[in-house]
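First comes the structure, then the notes that go with it.
Read-outs throughout are calculated quantities, based only on the coordinates presented, and are distinct from any laboratory measurement. In this text, all values refer to a predicted model and were calculated from it rather than measured experimentally. So basically every Cβ, Gly included, is an ideal-geometry build from the backbone, and we count neighbours across all protein chains shown.
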Amino acid sequence: MKIKVLASIILSFTFSSSFSQFFDESQTPLSVKWRQIEHSGFKIIYPALLEKDAQRMANTFAHIYPTVGSSLKESKTIIPILLQNQGTTSNGFVQLAPKKSQFYTISPQQFDSQDWLNNLAVHELRHVAQFNKVTGKKGFPFPEEIYFGYIGVSMPLWFLEGDAVSTETALTYSGRGRQPNWIMPFRTSILEGKNFPYSKAYFGSEKDITPGYYQLGYLMNSQLQKQHGIDIGNQLLSDINKRPLRLYPFSQSLKKFTGKNTKNYYLQTLKNLKLDWAKQDKQNKSIDYESLNKNPSYATHYYLPTQLADESILVIKQSKSEAPGFVTISPTKKEKTLFKIGYQEQPWHSYGNSKIVWEERREDPRYKQRSYNVICIYDFGTGKKKQLTHKTRLFAPSISGDGKKLVAVQIDLSNHHNLVMLDIETGKITDSLANPENFQLQTPAFSQDGSQLTWISVSEEGKSLWLKNNEKTEILIKNTRQQLSRPVFFNDRIAFNAHYSGIDNIYEIDPASKKISALTASKYGAFNASFSDNGKTMLFNDYKLRGHEAARIAVAPTQVQENSFVYYGQETKNEDYVFANVPDSTFSSKPYSPLKHMFNFHSISPTADDAVERVGLQLKSDDLLNTTSVYAGVTYESSLRRVEYSAGLRYKALYPIINLSYRNRPRLAYYRFQNAIHRADFREDYIALTTSVPLSFNSFNHNFSLIGEVGTYHVNRHFNAVDASRLANTIEFPITYRFGFNHQIRRAERDIAPKWAQAFEIKYQHLPFENRLTGKLFAMESYLYFPGLAKNHTFLASFNYQQNNGTFRTVNDIPIVYGYNQIAAKSLLKNTLLLNYRFPMLFPDLEIGPFAYVRNVRASFFSHYENIGHETNLTQPKTFGLELRSDMNLLRYQPVADVGARLIFVNKNYNQNPIFELLFNYYF
């Protein structure tokens, strides 16, 4: 049991510290040529097109790491850092197993007022320092996966991320800790009297907008540092390392140094925040704007409100129960869904002359490190939408008010930014603006007639607002730390977002005088201005407790309120600025060959199956580019009291994925000979080779995937002399084929399963190279999902069929009815029909002390049929019943436990009592 628990811990807590948490196993195309620079413990691996950025980062990493890690007493490190340029997602993370960091170099369209890679460097190198503090610079002998699990169980994720955000903010003049909109949801909930329990604030909710562990962690870390000094993080990690074998080790160490455990420290932080934010709110003269949308009962966003000709309002609506899509809101607040859309990094659209343009991400079918950002267009006149560009890297498309011109930000594979003009009919680039300084460009916009253009630029010095009028280009606001975003023209002015009052609001600037005036005074935040044709009224997003709501006001500029943002982190002194005096050296670089580095052993980890009948150890190797995985292991099978030896290799660089595995394993079989049952104990050598091509792609809100797979195996059995004379010693290279197809529409957070989806899989096995044995197996699976009777309800109908004979006659290769293994079979399995109706019941957000946080309660009814036409008909299911499940966080750990119970009633023909099953699973 201890081994099983340890294995579960390792698997459960294999997390990646990043801007958005994930563990990446994707590959880049073979066409990418890699190079490397080694300097001061950093091994920077990068595509050749990023040479300039790689040289800059080599200087930066070595220069800033001693400062970034100083409060943790970490000044040196050894780590590979990969710079990725093929994708269109802005991100970064640090991981173990294998130890590395990845920087996704493409900058986001709405982020901080500093260089993107610089921001990543401070944040991610702080994670490197944290990991080094816990694990040391080099692990021996191969403990990285265990270290990863140890980090996960010994400290909450909010501490790691909050400490990194605190560092990124304290050592620069920017950082997320200085952005009012970043902590806006937390501030709103507190001032609205929603004092969320600690677990809800940490783990989230399926009905309310909660702080999130980044914001929660930043504010709690800032409180810790102010009360106990910047060395508090080092003290906590050091104490956890000294006494790791405790329940809630972080909470106990926190209580040692502060006198309060985690929950009580959270409550103290909450109290202090409420006092500070209430004081700030009293100083700001805010206005309560009337919402134009329905009053939502749970978290719902109405992004980017825009006036249409028929007086309705166009928005991108997204909620806990609905996937994002375009919706119109009538003057009576009646909503009409136009269509759903695909994934966007940030909500974005632009409207002009009855046309909508917006961006969506498209994935490479095979190499998931590569993605594209394409422009889509919808014409109200024709009622048709289409994808305007293909395989492009275009962001924040903006159409002129007359619908004739289109501009977007283009970021190429060398990370160079340009503003490009596109033909609105074909999507082809017709012109571009020079950007010799390679500023990071954001959210351009045309004037009504397309004669003027405005945009935001970002550099390490801050953000700037630009205006191009005919041949003249000028800077209206230069190098500010204000969070400038989404400028738009109206009349002879430009409206934009900033936080001069310490709260995000909408402002205007007169290009002639450069005078700035306020257009809104929102209590929590105002964004995304759009204007009527005469420029007299403005639509915008007013942030409230349930999300971004739509509001309208008459344009009436007022004097800017000059209140400062309530900043909780350490003040940045000139001498603390981490990017001062970064060297500009040029380092020698050399080609990096993935094949030469395909072996990278990092962990010896325990393994166990669900029943703990098979426990063992496995040595693992994964290369840094996720192209080659190798393992070798030994497993003890308790039921047979024998040991199994295994090894395998998975090669993922080519278009097909190649899997080669070997097992020397104990086996037990029973066979009939001369009217008697005999037992055979033997070992067998099992070698398998599989090649597969997994493909997936998306179009708008539809996601598709295909899998094609061919495999074979060879079995050599080592019988004793008696059994060898009766049984086949070898099975020589049966061929297996598998083909699968899946289609589903994009899901909402509350969806238990897709509302509309189809999945099919066909399998076939035969023995073309075997002279002594015969047999075939054909199996077909199908899954059809339909919308249920209410929102987030789903009905599944799954019909499955198999035909098998000879060697494969006892193989079941299709889904089975619930309770199958506990019911005596009357005949061999031929087909199944599985009907399930699933629905959410409650979203309690219930904190049961430190033991559990219950997110939801779900139910399902099922009716399962077997061997239709042979044993049963559609009026007599073999099994039927109901199921209750709940997602919860146990013992305040990050993995979500799926806990439930199932009551199965059996057809009376089987004379079987009802079956009760307990269910447990987990996911991260």
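Some observations on this one:
- Alpha-carbon centroids, segment 243-273 and segment 822-856: separation in whole Å: 35 Å
- Label-reachable residues, segment 28-59, where backbone N falls under 19 Å from a point 7 Å from Leu654's Cα toward its Cβ: 28-32
- Contour excess over end-to-end distance, with Cα ends at Ala728 and Asn821 and 0.36 nm allotted per residue: 30.7 nm
- Amide H contacts of Ile477: Leu465, each under 5 Å away and 5 or more positions distant or on a separate chain (H built 1.01 Å from N in the peptide plane; Pro and chain starts excluded).
- Rounded to 10°, Cα long-axis angle of helix 2-12 versus longest principal axis of the chain: 40 degrees
- Pairs from the list Lys100/Lys133; Lys596/Lys652; Lys317/Lys536; Lys274/Lys463 with a Cα-Cα gap above 19 Å: Lys317/Lys536; Lys274/Lys463.
- Relative to the longest principal axis of the Cα atoms of the chain, helix 232-242 runs at roughly 10 degrees.
- Sparsely packed GluC sites (Glu not before Pro) within segment 470-551, loop by DSSP, other Cβ within 10 Å at most 13: Glu471
- Dipole of the chain computed with +1 at Lys/Arg Cβ and -1 at Asp/Glu Cβ about the Cα centre; of Gly427, Ala309, Thr736, farthest Cα towards the positive end is Thr736.
- Taking amide H atoms as placed 1.01 Å from N in the peptide plane, the amide H of Gln27 lies under 5 Å from those of Lys368, Gln369, each 5 or more residues away in sequence or on another chain.
- Fraction of beta bridges assigned by DSSP in the chain that are antiparallel (%, nearest 5): 95 percent
- 0 to 90° range, to nearest 10: angle between helix 116-135 axis and the chain longest Cα axis: 50 degrees
- Cut-off 12 Å between beta-carbons: net charge of the residues surrounding Ala757, Lys and Arg +1, Asp and Glu -1: +2
- Taking the number of Cβ atoms within 10 Å of each Cβ as an exposure proxy, the fewest-first ranking of Phe489, Phe786 is Phe786, Phe489.
- R0 of 45 Å, Cβ-Cβ distance Tyr922-Phe587: FRET efficiency to nearest 0.05: 0.50
- When the trypsin sites (Lys or Arg not before Pro) in segment 566-631 are filtered for DSSP coil states and for at most 10 other beta-carbon atoms within 10 Å of their beta-carbon, the remaining sites are Lys573.
- Segment 656-813: C-alpha gyration tensor shape, a/c 1.5 cut-off, then a/b vs b/c: prolate
- Where trypsin sites (Lys or Arg not before Pro) fall in DSSP loop in segment 302-334, at most 10 other Cβ within 10 Å: Lys334
- Ranked packing of 736-748, 624-636, most packed first, by mean Cβ within 10 Å: 624-636, 736-748
- Neighbour-count order for Ile429, Ile399, fewest beta carbons within 10 angstrom listed first: Ile429, Ile399
- The phi-based Karplus calculation (6.51 cos²θ - 1.76 cosθ + 1.60; θ = phi - 60°) puts the 3J(HN,Hα) values of segment 270-277 at 4, 5, 5, 4, 4, 5, 5, 6 Hz, whole numbers, x for Gly and Pro.
- HN-Hα J in Hz across segment 815-832 - Karplus 6.51, -1.76, 1.60, θ = phi - 60°, x for Gly and Pro: x, 10, 5, 4, x, 3, 6, 10, 10, 5, 6, 9, 7, 5, 6, 10, 7, 9
- Three-way shape label, segment 300-554, alpha-carbon gyration tensor, a/c 1.5: rounded
- Stretched out straight at 0.36 nm per residue, the stretch from Phe673 to Ser517 would grow longer than its current Cα-Cα span by 46.7 nm.
- Prolate/oblate/rounded call for the chain, Cα gyration tensor, a/c under 1.5 rounded: prolate
- Within the chain, helix-based [θ] at 222 nm, where runs of 4 or more DSSP H residues each add -39,500 (n - 2.57), nearest 500: -5500 deg cm²/dmol
- Note on Thr89 and Asn771: their simple-model spin labels are 5.3 nm apart, each label 7 Å out from Cα toward Cβ.
- The HN-Hα couplings worked out from phi for segment 880-885 by the Karplus form 6.51 cos²θ - 1.76 cosθ + 1.60 (θ = phi - 60°) are 7, x, 9, 9, 10, 9 Hz, whole numbers, x standing for Gly and Pro.
- FRET efficiency estimate (nearest 0.05) - Cβ-Cβ, Asn812 to Gln346, R0 45 angstrom: 0.40
- For segment 448-488 versus segment 142-198, the gap between their alpha-carbon centres in whole angstrom: 32 Å
- Close amide H partners of Leu82, meaning residues 5 or more places away or on another chain with modelled amide H under 5 Å apart, are Ile45, Ser101, Gln102, Phe103.
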